[in-house]
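Remarks on the structure that follows.
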Amino acid sequence: MLIIGERINGMFKNVREAIQSKDKGAIQDLARRQVEAGASMLDVNVGPASDQPQEAMVWLVETIQEAVDVPLSLDSANLDVVRVGLEAREGRKSLINSTTGHQEKLDQYFPLAKEYNASLIGLTIDESGVPSTVDGRVEIAMKILAAALEHEFPLEELYIDPIVLPVNVAQDQCPHILQALSQFQILSDPPPHTVVGLSNVSQRCQERSLINRTYLVMCMAHGLDAAIVDPLDKNLMDAMITAELLLNKNIYCDSFLEAYRKSMAAG
Ligand code: THG
């Protein structure tokens, strides 16, 4: 399971303040702690309130890569913000987060990802917004896969995201997203990678950690192989490790939690 740490996001007050005051230590501490907790990639999002998003992205990327050596997920809906982030990586591995299924966006993002040897997330959203049906999500996933083939983009570098919505406002979508994850598995051979922004599911809910880890396990049982999560949530990481065990991705031993953490630390 590819764990992408969600915590360096201007949505969080402490991160927003660190960006404003150029507090390198606060960001580097968050980067190190997430990697130590088992993240093998970090999401980097300047946040909705940033008035200088390009400058903030470059500063975040430079600050993070001074502290840790993991791929970064450059999280912005603005292509110029993603591009300056890719430049600042100076050849190190990036994941572009993200394109949508809009045709003109696909025709911009696949060449950009190829140019920088980056992976790419495709959200199942198009001209009509986020689909409310399983079929709607699968249709957009097919469009994204077709665009990847057309642009000769390596499918192993592509991640499809069915877009997780909060359970308190879109409860009926939670099972639809699980079914969509299952159906993505039969779109190609080998199947495309899949990713979700897990914490979306519990936004403005009580019992966030419980909802997050329960849904993560359900998504994994439907084929999910990457997730943007809070790796500092130990219960979540324990549930993820146990789900991998029960999906027969790791061999059982009595100290399976400890063994998994050791193998994560070893890379
Ligand atoms: N798909 C993809 N990328 C994504 C998402 C996705 N990136 C952003 C987001 N969704 C995933 N990251 C987060 C990060 C934080 C929260 C949710 C998702 C979160 N933040 C607190 C909140 O809103 O309550 C912030 C408040 C606080 O605690 O200070 O929950 O779906 N590809």
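Residue-wise test of (1) within 24 Å of VAL84 (Cα to Cα); (2) in a helix (DSSP H, G or I); (3) without any contact (Cβ under 8 Å) to a residue 24 or more places away in the chain.
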site: GLU104; (1), (2), (3): yes, yes, yes
site: ASP107; (1), (2), (3): yes, yes, no
site: LEU120; (1), (2), (3): yes, no, no
site: SER132; (1), (2), (3): no, no, no
site: GLU139; (1), (2), (3): no, yes, yes
site: ILE163; (1), (2), (3): no, no, no
site: GLN171; (1), (2), (3): no, no, yes
site: GLN183; (1), (2), (3): no, yes, no
site: THR194; (1), (2), (3): no, no, no
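Filtering the stretch 117-137 to residues that are of a type outside the set (S, T, N, Q) and surrounded by 20 or more Cβ atoms within 10 Å (Cβ to Cβ) leaves ALA118, LEU120, ILE121, GLY122, LEU123, ILE125, PRO131, ARG137. What do you reckon, is ARG213 basic (Lys, Arg), part of a helix (DSSP H, G or I) and under 16 Å from the mean Cα position of the chain (by Cα)? Criteria met by ARG213. Within the stretch 136-179, being away from the ligand (no atom under 16 Å from the Cβ) and closer than 16 Å to HIS222 by Cβ holds for VAL138, PRO175, GLN179. The residues of the stretch 4-13 that are of a type outside the set (D, E, K, R) and either in contact with a Leu (Cβ under 8 Å, 6 or more places away or on another chain) or more than 9 Å from the ligand (Cβ to nearest atom) (or both), listed by number, are ILE4, GLY5, ILE8, GLY10.
Cβ-Cβ under 6 Å, sequence separation 6+ or interchain: first residue in the stretch 5-21 and without any contact (Cβ under 8 Å) to a residue 12 or more places away in the chain, partner part of a helix (DSSP H, G or I) and more than 9 Å from the ligand (Cβ to nearest atom). Which pairs? That search, which allows pairs on different chains as well, returns ALA18/ALA26; ALA18/ILE27.
Scanning the stretch 238-267 for residues being of a type outside the set (Val, Ile, Thr), in contact with a Phe, Trp or Tyr (Cβ under 8 Å, 6 or more places away or on another chain) and closer than 27 Å to ASP69 by Cβ gives a total of 2. Just to be sure before I move on: is ILE228 out of contact with any helix residue (DSSP H, G or I) (no Cβ under 6 Å at 6 or more places or on another chain), hydrophobic (A, V, I, L, M, F, W, C) and away from the ligand (no atom under 16 Å from the Cβ) in the structure I sent? No, not satisfied. Would you please name the residue that is farthest from GLY122 (Cα to Cα), looking only at residues in the stretch 65-84 that are touching a strand residue (DSSP E or B) at 6+ places or on another chain (Cβ under 6 Å) and within 14 Å of the ligand (Cβ to nearest atom)? This residue is LEU72. Take the residues in the stretch 47-60 that are assigned to a loop (DSSP other than H, G, I, E, B) and under 20 Å from the mean Cα position of the chain (by Cα), then tell me which one is surrounded by the most Cβ atoms within 10 Å (Cβ to Cβ). This residue is GLY47.
The residues of the stretch 85-102 that are in a loop (DSSP other than H, G, I, E, B), within 18 Å of VAL195 (Cβ to Cβ) and within 16 Å of the ligand (Cβ to nearest atom), listed by number, are THR100, GLY101. Pull up the stretch 8-46, narrow it to residues that are assigned to a loop (DSSP other than H, G, I, E, B) and among the polar types (S, T, N, Q), then point me to the one that is surrounded by the most Cβ atoms within 10 Å (Cβ to Cβ). That would be SER40.
Each reported figure results from applying straightforward, stated rules to the coordinates on display, with no laboratory input. A quick note: this is a predicted structure, and the numbers were derived from the prediction, not measured. All Cβ positions, glycine included, derive from the backbone under ideal geometry; neighbour counts span all protein chains shown.
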